[in-house]
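Taking it in order: structure first as structure tokens, then the write-up.
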Amino acid sequence: NEYKSYLSRMSDRREFVAASATGAARKKHPMKAVLAGGFAGGLEILCTFPTEYVKTQLQLDSRAVTPRYTGIGDCISKTFKNHGFFGFYRGLSSLLYGSIPKASVRFMGYEALRNRLVDKDGKLTQLRTVACGLGAGVTEAIVVVCPMETIKVKFIHDQNQPNPKYRGFFHGVREIVKQEGVRGTYQGLTATVLKQGSNQAIRFFVFNNLKSYFQEGDNTKEIGMARTFFCGGVAGAASVFGNTPLDVVKTRMQGLDRHLYKNTWHCAQMVLKHDGLKGFYKGTVPRLGRVVFDVAFVFTIYEQTMKILDYVWKTD
């Protein structure tokens, strides 16, 4: 009897793991997702921008004729020596202006798709979970991420030139649009869509599966902030190892040397030719440190903010 009971529990656990990651059984209002996502995105970028700055510097420096940095430590040391603490926040404005709408669009897109695809019990199949994350990532890539990232990379790259030409965010945007048109803010769109789509597909898939595991089959069960943070961190790490090559290509396509590449595929070929496979993983360590905290932080703040909004704003 005990053996049969054990087999029954194992069968239930297998069915649970195979079933989909779901979040709450109740559908979430997209406008709540906009508010909660924007709040989480704004706080997150203030905390993690320095590591994003170092990552971008190393990726841009990797193709310089005479590299300025020998590694992460050297980049940090020289930045602090030459520009002080706030040197790590150069280019912040372009990213901050985009981070709030980026997170808002991402979570709104995810919740809108999820509301359409869940079954009567509020569950998603594994494939639909991936589809919701993919759709959210593609949407944020086109609406916000591509122009935001293009401007950010050009700002950081410009600040490393002997005579920087951008005096501030709005001046830089005006100059980019004046010289290159609106298309100038959409460089590397293909790579960005691939990166963000795969990013969010991986993150939402891993996060929701881990969350469902801790919920033990009850998709209305609260798992607490610590476990939410853990789920987000693992989801972030999975996305880094899954798509850093796309991030490297995207960064190069959006830099001031974008004219060296015919298209995204040509850029990838050049990386492979000049740097080998390891070239696709430039900046992995600083990106890993940023993304693990980033994703964990955003998911945790998002979930907690949604609870507050559900309490003060009844939409059922």
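On a 18 Å Cα-Cα criterion, which of the cross-link pairs K32/K211; K221/K307; K32/K307; K195/K282; K211/K307; K165/K282 come out too long? Working shown, then result.
Working: K32/K211 20 Å; K221/K307 13 Å; K32/K307 10 Å; K195/K282 15 Å; K211/K307 16 Å; K165/K282 27 Å.
Among K32/K211; K221/K307; K32/K307; K195/K282; K211/K307; K165/K282, the Cα-Cα distance tops 18 Å for K32/K211; K165/K282.
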**Message:** Keeping every protein chain present and rolling a 1.4 Å probe, give me the accessible area per residue for the chain in Å².
**Reply:** 49 Å²
**Asked** Quick one: ranking I202, I45, I308 by accessible area, 1.4 Å probe, largest first, what do you get?
**Response** I308, I202, I45
**Prompt:** How high is the relative contact order of the chain, given as a whole-number percent (alpha carbon pairs under 8 Å, six or more residues apart)?
**Reply:** 26 percent
**Asked** Once Rh for the stretch 26-98 is found with the Kirkwood sum over Cα pairs, what is the Stokes-Einstein diffusion coefficient at 25 °C and 0.890 mPa s, in µm²/s?
**Response** 172 µm²/s
**Request:** Assuming a ≥ b ≥ c are the square roots of the Cα gyration tensor eigenvalues, decide whether the chain counts as rounded (a/c under 1.5), prolate (otherwise, with a/b larger than b/c) or oblate.
**Result:** prolate
**Message:** Run through the stretch 233-316 and list the trypsin sites (Lys or Arg not before Pro) located in a DSSP loop whose Cβ has at most 15 other Cβ atoms within 10 Å.
**Reply:** K262, K314
**Message:** I'd like the Kirkwood hydrodynamic radius of the stretch 108-183, using the inverse of the mean 1/r over distinct C-alpha pairs, in Å.
**Reply:** 15.0 Å
**Request:** With the full set of protein chains in place, find how many percent of the accessible area of the stretch 47-147 is carbon and sulfur; take the probe as 1.4 Å.
**Result:** 66 percent
**Asked** Based solely on its DSSP helices, what 222 nm [θ] is calculated for the chain when runs of n ≥ 4 H residues each add -39,500 (n - 2.57) and the sum is averaged over all residues, nearest 500 deg cm²/dmol?
**Response** -25000 deg cm²/dmol
**Request:** For the chain, set up a Gaussian network in which alpha carbons nearer than 10 Å are linked by springs, and say which option among G181, G41, G279 fluctuates the most.
**Result:** G181
**Fill in**
Of all stretches in the chain that avoid GluC sites (Glu not before Pro) placed in a DSSP loop and having at most 16 other Cβ atoms within 10 Å, the longest is 1-215
**Request:** Round to the nearest 10 and give me the degree value, 0 to 90, for the angle of helix 224-254's Cα axis relative to the longest principal axis of the chain.
**Result:** 40 degrees
**Message:** If I compute solvent accessible area with a 1.4 Å probe over the protein chains, what percent of it on the stretch 166-264 is carbon and sulfur?
**Reply:** 61 percent
**Request:** Just tell me which aspartates and glutamates come within less than 17 Å, Cα to Cα, of K27; anything on the same chain fewer than 8 places away is out.
**Result:** E111, D119, D121, D218, E222, E303, D310, D316
**Asked** Which values, in whole Å and largest first, are the semi-axes of the equivalent ellipsoid of the stretch 149-194 obtained as the square root of 5 times each eigenvalue of the Cα gyration tensor?
**Response** 19, 13, 8
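The values are calculated or read from the model by the stated rules, or taken from the named source; none is laboratory data. Being a predicted model, the structure only gives us computed values, none of them experimental. FYI the Cβ positions are ideal-geometry reconstructions off the backbone, even for glycines, and counts take in every protein chain you see. With ligands, DNA and RNA removed, areas are computed over all heavy atoms of the protein, side chains included. Shrake-Rupley method; radii C 1.70, N 1.55, O 1.52, S 1.80 Å.
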